[in-house]
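Structure, as structure tokens:
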Ligand code: ASP
């Protein structure tokens, strides 16, 4: 019999986790630390991995290539983001989600005021890069890695030792990722068992429709929109999605794009996308590209507006779409961040912020598919940017070529 690989074990951990969680219920939460350990192991790799790979990647680009990569990456991010919003709003609009939902007695909740756009922009430039690295602030690290990479290229020969050092660090980190993956089956098992054990089916019932709509929307985005785009670019859609599914499953179970980043970088690279493209497209995507989160925010906003009896006009729908897209960009890649940012969308259409308390209890269940889509989206962007840049992709990814 063929020995099972790490992916098979992860799938087993996933399924067994669901079964055990459903059978044992709440007491299974004693194994929660096993899941937390897994997330910590992944997070441990994020900062050195994105910093080293991005700086090395950028140092190999010319100025013109860098500009093109930026343009393409962001065009793709916001093009799919806009499609995600349209799908989410159509689904939420025609489903009448939330109408008649008992809003009952609400607890007052505190929502922190949003920082201004100028402050957000300024915060991207680190005043102290070492501090940003120590705190793990993704955007300032990305900024510093990009300018460092450009300067390494400009400095030429003298900077070669630094480049070699960063290259060595990057490869070592990738190696470490493969070790951490071996803990994946246990980590995934623990995370799934505790999630299912905590919620049980009873708690979900009143929210079943909302949850269903979020799963439906995100599934259409993944298997319809992304698969369609891959096909247009002559990449075998389901073959590629299958190759990268390890990262999608990790995202589903950890509910954190940023913790999943080491895995998404590894599987995308293993699928045949170059180091440079992976290191450029994926870290940025994990921070600013969150189609799944935007969809969830749009669907939840419509649900809550209906629950509060607010009549939604076409203008409201447009507002929800635009603000949810912006809110998703500002959402951090950690569990539950999208729920906090939902306040921005609710505020924009006049839904009481207490609405957040209504769905907070079941947010984790909706965090899973949205994070999986957030991460899948980045990996699809990576292969499409690679293809459009003329990278030589393995034959098995290409339509019309034989699978090896
Ligand atoms: N958990 C999501 C992520 O990490 C963010 C969110 O809460 O929507 O991608």
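Points worth noting:
- Qualifying residue in the stretch 299-306 (condition: farther than 24 Å from residue 362 by Cβ, more than 15 Å from the chain's Cα centre (by Cα) and at pLDDT 90 or above): no
- Residue within the stretch 347-363 that is crowded, with 24+ Cβ neighbours inside 10 Å, farther than 22 Å from residue 255 by Cβ and either out of contact with any strand residue (DSSP E or B) (no Cβ under 7 Å at 6 or more places or on another chain) or touching a residue at least 40 places away in the same chain (Cβ under 8 Å) (or both) present: yes
- Looking across the stretch 321-349, just one residue is under 17 Å from residue 91 (Cα atoms), touching a helix residue (DSSP H, G or I) at 6+ places or on another chain (Cβ under 7 Å) and more than 16 Å from the ligand (Cβ to nearest atom), and that is 321.
- Scanning the stretch 187-197 finds no residues that are at negative phi, in contact with a helix residue (DSSP H, G or I) (Cβ under 7 Å, 6 or more places away or on another chain) and surrounded by fewer than 21 Cβ atoms within 10 Å (Cβ to Cβ).
- Hey, residue 384 part of a helix (DSSP H, G or I), within 16 Å of the ligand (Cβ to nearest atom) and either touching a strand residue (DSSP E or B) at 6+ places or on another chain (Cβ under 9 Å) or under 23 Å from residue 92 (Cα atoms) (or both) or not: no
- Candidate set: the stretch 240-262, residues that are outside any helix (DSSP H, G or I) and within 12 Å of the ligand (Cβ to nearest atom); chosen: the one farthest from residue 15 (Cα to Cα): 256
- Selection count, the stretch 149-186, where residues are in a helix (DSSP H, G or I) and touching a helix residue (DSSP H, G or I) at 6+ places or on another chain (Cβ under 8 Å): 22
- Note on the stretch 160-178: residues that are farther than 22 Å from residue 43 by Cβ and buried (at least 16 other Cβ atoms within 10 Å of the Cβ) total 3.
- The number of residues in the stretch 12-33 that are within 20 Å of residue 248 (Cα to Cα) and crowded, with 17+ Cβ neighbours inside 10 Å comes to 3.
- Single condition residue 305 does not satisfy, out of (1) surrounded by 22 or more Cβ atoms within 10 Å (Cβ to Cβ); (2) closer than 24 Å to residue 142 by Cα: (2)
The values are calculated or read from the model by the stated rules, or taken from the named source; none is laboratory data. Since the structure is predicted, the reported quantities are computational estimates derived from the model, not experimental observations. Quick reminder, even Gly has a Cβ in these numbers, built from the backbone with ideal geometry, and neighbours come from all protein chains shown.
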